[in-house]
Amino acid sequence: MPLQVNFKSSGDTMDIGEVAKRSGVPASALRYYEQRGLIASDGRRGLRRTFDPNVLERLALIALGQTAGFSLDEIAKMFGADGQPDIDRGALRTKARELDVMILRLTAMRDGLRHAAACSTPRHFECPRFRALLGQATAGSHRPKAAAPRHPTRRKAHRPPSRT
């Protein structure tokens, strides 16, 4: 679920319920983030924690990091001693490469599943492409393999040699 943030505050501080409502992050998660040092309350209003309105931007950055696949420990390192974002660009490039690999793997898996759903062989185990997909799954492969063998009932279209 995407984080919906309303950055406008009705006052100088917001209690935990208002932060939860504006950010879409449950109060229990806010307390956990505070315990982990990702956010900090600036006091209490009665028994309820209060937060500076800037916590909403910090929560948005945490949500973005989690969506990209960063752990909470990795996200915590994205903040400098002053609490301002201090993001290592190398870590961003590394995560982007990891996402590229994951996208390729998931795309290959999706295409294999679509093929298996539409395959005309009597049994899936007779289909070389399906068997290649099984081989990748049982090998624990996290990288897309070379193209699976062509389906036995599909032939390459004949193209006459080009004339130059």
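The values are calculated or read from the model by the stated rules, or taken from the named source; none is laboratory data. For clarity, every value in this text was computed on a predicted model and none was experimentally measured. Heads up, the Cβs are rebuilt from the backbone with ideal geometry, glycines too, and the neighbour counts pull from every protein chain shown. What goes into the accessible areas is simple: the full protein's heavy atoms, side chains included, and nothing from ligands, DNA or RNA. Shrake-Rupley method; radii C 1.70, N 1.55, O 1.52, S 1.80 Å.
In the stretch 137-160 there is at least one residue that is open to solvent by 50 Å² or more (accessible area, probe 1.4 Å), at pLDDT below 85 and not in a loop (DSSP other than H, G, I, E, B).
Of all the numbered requirements in (1) more than 30 Å from Ala137 (Cβ to Cβ); (2) without any contact (Cβ under 8 Å) to a residue 24 or more places away in the chain; (3) among the aliphatic types (A, V, I, L, M), Val25 misses one, and that requirement is (2).
Scan the stretch 80-102 residue by residue and report those that are in contact (Cβ under 8 Å) with a residue 40 or more places away in the chain and open to solvent by less than 40 Å² (accessible area, probe 1.4 Å). Once the filter is applied, which keeps residues that are in contact (Cβ under 8 Å) with a residue 40 or more places away in the chain and open to solvent by less than 40 Å² (accessible area, probe 1.4 Å), the stretch 80-102 yields only Gly83. Within the stretch 103-116, the residues that satisfy the criterion of being open to solvent by 90 Å² or more (accessible area, probe 1.4 Å) and out of contact with any Pro (no Cβ under 6 Å at 6 or more places or on another chain) are Ile103, Leu106, Arg110, Leu113, Arg114. Tell me, please, whether a residue that is within 30 Å of Gly135 (Cβ to Cβ), part of a loop (DSSP other than H, G, I, E, B) and of a type in the set (Gly, Ala, Ser) can be found in the stretch 66-80. Looking through the stretch 66-80, at least one residue is within 30 Å of Gly135 (Cβ to Cβ), part of a loop (DSSP other than H, G, I, E, B) and of a type in the set (Gly, Ala, Ser). Out of Phe70, Phe51, which single residue is open to solvent by less than 60 Å² (accessible area, probe 1.4 Å) and either modelled with pLDDT of 95 or more or farther than 19 Å from Val19 by Cα (or both)? So the residue among Phe70, Phe51 that is open to solvent by less than 60 Å² (accessible area, probe 1.4 Å) and either modelled with pLDDT of 95 or more or farther than 19 Å from Val19 by Cα (or both) is Phe70.
Please enumerate the residues belonging to the stretch 11-56 that are part of a loop (DSSP other than H, G, I, E, B) and in contact with a Ser or Thr (Cβ under 7 Å, 6 or more places away or on another chain).
Step one: filter the stretch 11-56 for residues part of a loop (DSSP other than H, G, I, E, B), giving 11-13, 24-26, 37-42, 46-47, 52-54.
If the condition is that a residue be part of a loop (DSSP other than H, G, I, E, B) and in contact with a Ser or Thr (Cβ under 7 Å, 6 or more places away or on another chain), then Thr13, Ser41, Asp42, Asp52, Pro53 are the ones that fit.
For the stretch 117-136, the tally of residues that are surrounded by 12 or more Cβ atoms within 10 Å (Cβ to Cβ) and part of a loop (DSSP other than H, G, I, E, B) stands at 3.
Taken over the stretch 12-26, residues that are open to solvent by 30 Å² or more (accessible area, probe 1.4 Å) and touching a helix residue (DSSP H, G or I) at 6+ places or on another chain (Cβ under 8 Å) amount to 2.
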